[in-house]
Amino acid sequence: MTIAANLVIFGATGDLSRRMLLPALYFLDADGQLPEHLRIIGAARSGLSDDAFRQMAREAVAARAETIDETVWTRFCARLAYRSADLSDDKSLKPLCELLSDQKAREDIFYLSISPSHYTDACTALKSAGVLNAQSRIVMEKPIGHDLASSRAINACVASAFPERHIFRIDHYLGKETVQNLLAMRFANVLFEPLWNANTIDHVQITVGETIGVEGRRDYYDRFGALRDMVQNHVLQLLCLVAMEPPAKFDADAVRDEKVKVLRSLKPIGARDVRTKTVRGQYGEGVIGGQSVCSYAQEAGGGTSEAETFVALTAEIENWRWAAVPFFIRTGKRLADRRTEIVVQFRDVPHSMFAGSAENDMIANRLTITLQPEEQISLTLMHKTPGLSASGPRLRPLPLNLSLTEAYKLHQPRRRIAYEQLLLDVLNDDATLFVRQDEVEAAWTWVDGIADGWSQAGTLPQTYPAGSWGPPGVFALTERLARTWAA
Ligand code: BG6
């Protein structure tokens, strides 16, 4: 295992760095997970001193940690340095290069916490500044491009500076505990695998619901919309983990080989199907948690827009395991609840020996994997209600709950930031939970088909009231296939 010596964060004064990266690194240090000599170097356009950056980092950590452990802070603070750098001008990287070159044999990680529109500039500048060596790694946030063509252009430029095994494309959903638990549940138990197919599973629902709006990112949302912001990455990653074949090993190639097969098996959705298989929505005014909120059109004084803040889709995976099993997807902003969950709906029993009374209506088993707000896995099973009965046992469904939050309360008093696991993996050079180039491109291929379908069919977003579960069409989507949303 290789250990890095320098982690350079470009965009170190930005929102992601302050809200996630710096606190996650502090927590890793507190857990003794950072390599002893790791330096963390902030880089951005503003001219900050090392001390001003350390102060900024302390505020960032304080905003996240209940208390700051001063011993940990002293160690963490000593790792921090700052150099101003403008990635559109390789000469401005000189102070950073000088700082790095004080170590001869070194491994550097360059974390691009900057707008993806600057990724190619960044790679070009790093190359011409002569700062890269055979061990250098790069970390990039989503979105990689806006469509297949632009993602290929970015990937090609990055590939000219870094080999694929040194490129870490982050999808922070893969750092979430329950997402990794989905893998453990599927592949560390014998129970599920024999049932995990079209013979027993009726359909799957994936919901990523948020109550927040676009939070000052109106420009970005106008260009990307929910399809590119959420479906292309987070939602498709969840779908891959539910649908993929068992990888031979938990390693970067084995896991990603299986995910990419799922993405390539997605049935294209084009102009002919968008009316029946997709719903596009945009939030109007409404009430969330008792507070009135403005419509998307009123956000940041942006005016009307054709961007969707909500998408629902019926995805189909064309392979033996999943033939004719619909995967219903919905994600949106300003919805009724913050809820991220995967529902695996099993089929009805083929014959019920308990038939006869309405109370004995059989409810098919359902596995619900909740990622947010709490981490929980629940399986509903039919059981006999207690008590006497002169007309045979009375049945009801009851959930078998595995509350991860409760079970690990003592060991994990705080909920981890998804970036902790991902940063640790980058430091340890383990790309299993990162997205490979072919995955990104397969996801864009499918998503581009939908976006093109919308523009050919002239599908505009339907308005939904903030605080609801999306436009009415979302219910018709499942009802068309005689299914209903779980909640
Ligand atoms: C980001 C999207 O990738 O994920 C945001 O750009 C979204 O629009 C966020 O709000 C959701 O992440 P989480 O971890 O809060 O579910």
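Couple of notes before you dig in:
- Mean Cα-pair separation over length for the chain, i.e. relative contact order, pairs under 8 Å, 6 or more apart, %: 19
- Model label sites at A156 and A476, defined 7 Å from Cα along the beta-carbon direction, differ in position by 4.2 nm.
- Tensor-based shape of region 136-240 (alpha-carbon gyration tensor, a/c under 1.5 rounded, otherwise prolate or oblate): oblate
- Distance from the C-alpha centroid of region 118-167 to that of region 187-217: 32 Å, rounded to the whole angstrom.
- Derived scalar couplings ³J(HN,Hα) [region 387-395; Karplus, 6.51 cos²θ - 1.76 cosθ + 1.60; whole Hz; x for Gly, Pro]: x, 8, 7, 8, 10, x, x, 9, 10
- Relative contact order %, region 71-201, counting alpha carbon pairs below 8 Å whose residues are six or more apart: 19
- Taken one residue at a time, the phi angles of region 448-457 give Karplus couplings (6.51, -1.76, 1.60, θ = phi - 60°) of 4, x, 5, 4, 5, x, 4, 6, 5, 8 Hz. Gly and Pro are set to x.
- In degrees, nearest ten, helix 252-264 long axis to first principal axis of the chain (Cα): 50
- Three-way shape call for region 328-487 based on the alpha-carbon gyration tensor, with the a/c threshold at 1.5: oblate
- Checking the cross-link pairs K176/K259; K104/K127; K277/K384 against a 27 Å limit on the alpha carbon distance flags K277/K384 as lying beyond it.
- Region 198-325: C-alpha gyration tensor shape, a/c 1.5 cut-off, then a/b vs b/c: prolate
- For the chain, the solvent-accessible area works out to 44 Å² per residue, with a probe of 1.4 Å and every protein chain left in place.
- Heavy-atom accessible surface of region 142-299: percent carbon and sulfur, 1.4 Å: 52
- Loop sites in region 1-91: GluC sites (Glu not before Pro), DSSP, at most 12 other Cβ within 10 Å: E36, E66
- Take every Cα pair under 8 Å whose residues are at least 6 apart in sequence, average their separation, divide by the length of region 11-92, and the relative contact order is 41 percent.
- Extreme residue, positive dipole direction of region 306-413, given options A315, A336, M382 (C-beta unit charges): M382
- Once the Cα gyration tensor of region 61-186 is diagonalised, semi-axes √(5λ) in Å: 26, 25, 14
- Size of region 44-123 as Cα extents on the principal axes (Å, biggest first): 39, 32, 22
- Along region 320-325 the Karplus relation, 6.51 cos²θ - 1.76 cosθ + 1.60 evaluated at θ = phi - 60°, assigns HN-Hα couplings of 4, 4, 10, 3, 6, 9 Hz to successive residues, with x for each Gly and Pro.
- Using the Cα coordinates of the chain, the gyration tensor eigenvalues translate into equivalent-ellipsoid semi-axes of 42, 26, 22 Å, sorted from longest to shortest.
- Relative to the current alpha-carbon distance between Q298 and A248, full extension at 0.36 nm per residue lengthens the span by 13.0 nm.
- Our helix-only sum for the chain, with -39,500 (n - 2.57) per DSSP H run of n ≥ 4 divided by its residues, gives a mean residue ellipticity at 222 nm of -9000 deg cm²/dmol.
- Rg(Cα)/(2.2 N^0.38 Å) for region 296-377, N = residue count: 1.63
- Over region 184-238 - Rg/Rh using Cα atoms and the Kirkwood inverse-distance radius: 1.18
The values are calculated or read from the model by the stated rules, or taken from the named source; none is laboratory data. This one's a predicted model, so the numbers in the text were calculated from it and none came from an experiment. So basically every Cβ, Gly included, is an ideal-geometry build from the backbone, and we count neighbours across all protein chains shown. Protein only, heavy atoms only, side chains kept; ligands, DNA and RNA dropped before computing areas. Shrake-Rupley method; radii C 1.70, N 1.55, O 1.52, S 1.80 Å.
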